[in-house]
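The values are calculated or read from the model by the stated rules, or taken from the named source; none is laboratory data. Bear in mind that the values here come from a model prediction, so they are computed numbers and not experimental data. Backbone-built Cβ (ideal geometry, glycine too); neighbour counts: all protein chains shown. For accessibility, only protein heavy atoms count, side chains too; no ligands or nucleic acids. Shrake-Rupley method; radii C 1.70, N 1.55, O 1.52, S 1.80 Å.
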Amino acid sequence: MTSTTTGPDLTLMPAARVPGRTWTVRLTGHPDHTVSVTCSTAACRMPPRSKDAAGMRRFAAEHARAHGRIAGVRPNAACGCGSAGCALHESRVECAGTSLLVLVHNPAVGQVWTLAEVCQTCARNIPHITILATAKSAVPAPTASSPERPAQRAAVVPGGFSSPEASPEPAARRPRPRPQRQRRSRG
């Protein structure tokens with residue numbers, strides 16, 4: 001991947017990247033007290049209007065998750081949020097990291113579910129998300145340790161944490177006994 005492409009206000013990305021996908025599922029109320037569900041994918045079949053708002057809300061949430069299960073995340077996907085000018089969050093960031101498939105749903109509003117392929121940097125800045133999938137790295141992970149740096153073995157530290165810097169003590173130390181305090185008599 002030697003060539004790179006740029007777009008307006010976008011960071012450099014490899015030419016082999018594909019645009020990040022975004023789906024939006026929306027629950028819409030109507031004057032006759034019915035609700036309908038719409039999906040940004042025209043091929044999706046939606047149920048007819050209904051007065052069962054809770055049932056339609058459950059359908060909309062499950063429909064968005066179904067898109068996530070079927071589509072999965074692609075390791076070569078560019079950040080869909082970044083290409084849309086970071087519309088899913090307030091602060092502007094430089095896109096970086098692994099591609100993630102996230103579901104964005106603000107429970108206070110409760111009417112819109114957005115499923116998007118985003119980068120790790122944007123995902124950290126998007127409120128109300130659930131990470132549905134993480135892309136596998138397109139670059140194979142090294143199998144052997146580097147010759148300059150030998151493999152480190154993690155030592156178990158009391159409390160259940162492990163740390164490569166910590167080294168186990170050669171012999172277990174016994175705690176020093178506390179000096180006995182004399183009890184006062186109540187008189």
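Contact map, the range 94-116: first residue more than 17 Å from Ala133 (Cα to Cα), second residue of a type in the set (Ser, Thr, Tyr), Cβ cut-off under 8 Å, separation 6 or more or different chains; pairs are Glu94/Thr11; Glu94/Thr121; Cys95/Thr11; Cys95/Thr121; Gln111/Thr28; Val112/Thr24. Residues that are touching a residue at least 40 places away in the same chain (Cβ under 8 Å), assigned to a helix (DSSP H, G or I) and open to solvent by less than 50 Å² (accessible area, probe 1.4 Å) within the range 64-78 comprise Ala64, His67, Gly68, Ala71, listed in sequence order. Residue count for the range 42-57, restricted to those that are within 30 Å of Thr98 (Cα to Cα) and either open to solvent by 40 Å² or more (accessible area, probe 1.4 Å) or touching a residue at least 40 places away in the same chain (Cβ under 8 Å) (or both): 2. For the condition in a loop (DSSP other than H, G, I, E, B) and more than 30 Å from Thr121 (Cβ to Cβ), Ala54 does not qualify.
The one condition from (1) in contact with a Lys or Arg (Cβ under 9 Å, 6 or more places away or on another chain); (2) within 30 Å of Ala135 (Cα to Cα); (3) not in a loop (DSSP other than H, G, I, E, B) that Gly20 does not meet is (3). Of all residues in the range 38-69, those satisfying the criterion of being under 19 Å from His128 (Cβ atoms) and more than 21 Å from the chain's Cα centre (by Cα) are Ser40, Arg57, Arg58. Condition first: open to solvent by 10 Å² or more (accessible area, probe 1.4 Å) and hydrophobic (A, V, I, L, M, F, W, C). Now tell me which residues in the range 79-99 satisfy that. Hits for the range 79-99 are Cys79, Ala84, Ala87, Leu88, Val93, Cys95, Ala96.
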